[in-house]
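Q: Pasting a structure below so you can have a look.
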2 protein chains.
Amino acid sequence: MVDSCGECIQCKRGVEQYCQKGASFTYNSTEQDKQTPTYGGYSDHVVVTENFVVHVPKNLDLCAAAPLLCAGVTTYSPLRYWGVKKGSRVGVVGLGGLGHMAVKLASAMGAVVTVFTTSESKKAAAKDLGAHHVVISKDPAEMKQAAGTLDVIIDTVGSSHDLQPYLNTLDVDGKLALVGMPETNHPPFDAKRMISMRQCVGGSNIAGMPETQELLNFCGEHNITATVEKINIDQINEAYERMLKSDVKYRFVIDIASLKQ
Amino acid sequence: MVDSCGECIQCKRGVEQYCQKGASFTYNSTEQDKQTPTYGGYSDHVVVTENFVVHVPKNLDLCAAAPLLCAGVTTYSPLRYWGVKKGSRVGVVGLGGLGHMAVKLASAMGAVVTVFTTSESKKAAAKDLGAHHVVISKDPAEMKQAAGTLDVIIDTVGSSHDLQPYLNTLDVDGKLALVGMPETNHPPFDAKRMISMRQCVGGSNIAGMPETQELLNFCGEHNITATVEKINIDQINEAYERMLKSDVKYRFVIDIASLKQ
């Protein structure tokens, strides 16, 4: 996010991503004139208004810190919004760019973290990132055992999927936060169960500027960055193909200096 | 609700309706032995454990106070859970037994109340109950005008229906609370909108005993009861037929003394 109107109630309370006039995003977006396209981060410099500049703690590697501004804030914000703290029981659905940050952040907040994944092969990786439990979501026995055990779930899956198996793992007052944008909607959920356990399903979109700085400070204190693979600009097509196959641990970061080599 | 285990974490924090072992409800339920059926409220006396007895403020008519223990708590609890206070913008979907209580209670909390109804004929009645605005939900122009204007919606409709028109009336951080139990689930909602405005859909089931007493005290202070039609037991079949046609303002209460007449 690189700009917003700065005057509406959402901007004034520091949630510029929910600007009533529409925030300007880094790419696939326009400046506040609603005409001039924004050209993204594939540049060696970018000019933004001062309110949209953040301080990156000096102990963090800049390359590995880059995805904190996207995958980091996107998972940090709902964890905070839903009150995750020491001892909270947090589930993370999907272990990609967003999911791996959710695990690191929730774990650093003192939560007990359960990762849901379809791949047996990701069990060890999830634990390396700080997960306490890993549940294979295709295994009905494992899912049944997890029923009613969680307070907050961060669902990072970016395509339409059945939320019910995950809702079933929430306890009374449990919240499921969607952070992946699906092209088509998710199937209906069990309203009776939601009512009888006072649960909810919500969404969350990146973070505002104050919370983005808060996340960076939190990462500085806990020495957290994304786990990244740095590539040069000429590797971008290969990286794109690998990304489509989920073959990346866990974010590609392009060294833009390589543009000039 | 007439009993619960009393020992689980939910009972200990006073939300006995979410008892991990299952609460005992007044009817269509069993006692805590999970065998003995409960016989409902169609009696001139009922024996319950002392923790499930509440004090009805003396200024409230007992007949009109009776539905507070169901429609009252069912709507009061989500209003409190989602932080409704003076100036909150509250929507109420459906103007029946539950809906009319939601209007009275939200209005007494100082909220600005919008009622959604399909019937033009209910406009005046909604305003009499304390609603500030009435929106005809079948009218696309009225629904469009209401877009993004609400903080909390209490959806009292007890059958499957499209939530999206109501979700569209929520502002950033808006919450929609389902309190009507549908036989089949509601159609899918727009996940992208939910994410881009940090909204959520949740459920809520009656209230625990401390909050039930709180509701009764609140009603005593604000002199609120349900709007009821008192009937004798021999009118019950006629009342049932009228209820099926939504022809009741807004709850029938049976005078059980009439059993002995």
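Q: Counting DSSP beta bridges in chain B, what percent are antiparallel, to the nearest 5?
A: So the antiparallel bridges in chain B amount to around 5 percent.
Q: If you restrict to DSSP beta bridges whose two residues both lie in region A:1-155, what percentage is antiparallel, to the nearest 5?
A: 15 percent
Q: Work out the P(r) tail for region B:130-198: percent of alpha carbon pairs separated by more than 15 Å, whole number.
A: 56 percent
Q: Putting +1 on Lys and Arg Cβ atoms and -1 on Asp and Glu Cβ atoms, find which of B:Val135, B:Asn28, B:His161 reaches farthest to the positive end of the dipole of chain B.
A: Projecting each Cα onto the dipole axis, the largest value belongs to B:Val135.
Q: At q = 0.15 Å⁻¹, work out log10 I(q)/I(0) for region B:1-116 with the Debye formula, treating every Cα as an identical point scatterer and leaving solvent out; two decimals please.
A: Calculated log10 I(q)/I(0) at the listed q: -0.82.
Q: Provide an ascending nm list, one decimal, of label-point separations from B:Val54 to the equivalent residue in each further copy; define each label point as 7 Å from Cα along Cα→Cβ.
A: 4.5
Q: Okay, moving on. Which percent, to the nearest 5, of DSSP beta bridges fully inside the protein assembly as shown are antiparallel?
A: 10 percent
Q: Work out which GluC sites (Glu not before Pro) in chain B are exposed loop sites (DSSP not H, G, I, E or B, at most 15 other Cβ within 10 Å) and give the longest gap free of them.
A: B:32-182
Q: Normalised by the number of residues in region A:1-42, what is the relative contact order in percent for Cα pairs under 8 Å and 6+ residues apart?
A: 33 percent
Q: Are there trypsin sites (Lys or Arg not before Pro) in region B:43-121 that DSSP puts in a loop and that have at most 11 other Cβ atoms within 10 Å, and which ones?
A: Taking region B:43-121 and a limit of 11 other Cβ atoms within 10 Å, the loop trypsin sites (Lys or Arg not before Pro) found are B:Lys58, B:Lys85, B:Lys86.
Q: Cross-link list A:Lys122/A:Lys245; B:Lys86/B:Lys123; A:Lys123/A:Lys144; B:Lys104/B:Lys249: which exceed 20 angstrom alpha carbon to alpha carbon?
A: B:Lys86/B:Lys123
Q: Let me ask something else about it. Please state, as a whole number in µm²/s, the translational diffusion coefficient that the Stokes-Einstein equation yields for region B:126-261 at 20 °C and 1.002 mPa s, with Rh defined as the Kirkwood radius across alpha carbon pairs.
A: 119 µm²/s
Q: Which whole-number percent is the relative contact order of region A:66-203 (Cα, under 8 Å, 6+ apart)?
A: Dividing the mean separation by the residue count of region A:66-203 yields 21 percent.
Q: Here's something else I'd like to know. Please list, in order along region A:217-227, the HN-Hα scalar couplings obtained from phi with the Karplus expression 6.51 cos²θ - 1.76 cosθ + 1.60 (θ = phi - 60°), rounded to whole Hz, x for Gly and Pro.
A: Karplus-based 3J(HN,Hα) across region A:217-227 equals 5, 4, 5, x, 5, 9, 6, 10, 10, 6, 8 Hz.
Q: Tell me the relative contact order for chain B as a rounded percent, counting alpha carbon contacts under 8 Å between residues six or more apart.
A: 20 percent
Q: Over chain A, what number does the Rg to Rh ratio reach, with both radii from the alpha-carbon atoms and Rh per Kirkwood?
A: With Rh from the inverse mean 1/r over Cα pairs, Rg/Rh is 0.97.
Q: Between copies, how far does the label point of A:Glu238 sit from its twins, in nm, shortest first, when each point is 7 Å from Cα along Cα→Cβ?
A: Those separations, rounded to one decimal, come out as 8.6 nm.
Q: Largest first and to the nearest Å, give the Cα extent of region B:1-42 along each principal axis.
A: Dimensions of region B:1-42 along the principal axes of its Cα atoms: 30, 18, 10 Å.
Q: Can you work out the base-10 log of I(q)/I(0) for the protein assembly as shown at q = 0.06, 0.07 1/Å, using the Debye formula on its C-alpha atoms alone?
A: Evaluating at q = 0.06, 0.07 Å⁻¹ gives log10 I(q)/I(0) of -0.34, -0.46.
Q: If you don't mind, another one. Within region A:135-157, name every residue whose backbone N is under 19 Å away from a label modeled 7 Å from Cα of B:Asn185 along the Cβ vector.
A: A:137-141, A:143-150, A:153-157, by backbone N distance to the label point.
Q: Would you kindly work out, in nm and rounded to one decimal, the distances from the label point of B:Lys138 to those of the same position in each other copy, ordered shortest first, with label points 7 Å along Cα-to-Cβ?
A: Result, one decimal in nm: 4.9.
Q: Would you please report the Å³ per residue occupied by the convex hull of the alpha carbon atoms in region A:66-203?
A: Enclosed volume per residue, from the Cα hull, is 100 Å³.
Bear in mind these aren't lab numbers, they're just calculated from the coordinates by the rules spelled out. As the structure is a prediction and not an experimental result, all values here were calculated from the model. A quick note on method: Cβ atoms are made from the backbone with ideal geometry, for glycine too, and the neighbour counts reach across all protein chains shown.
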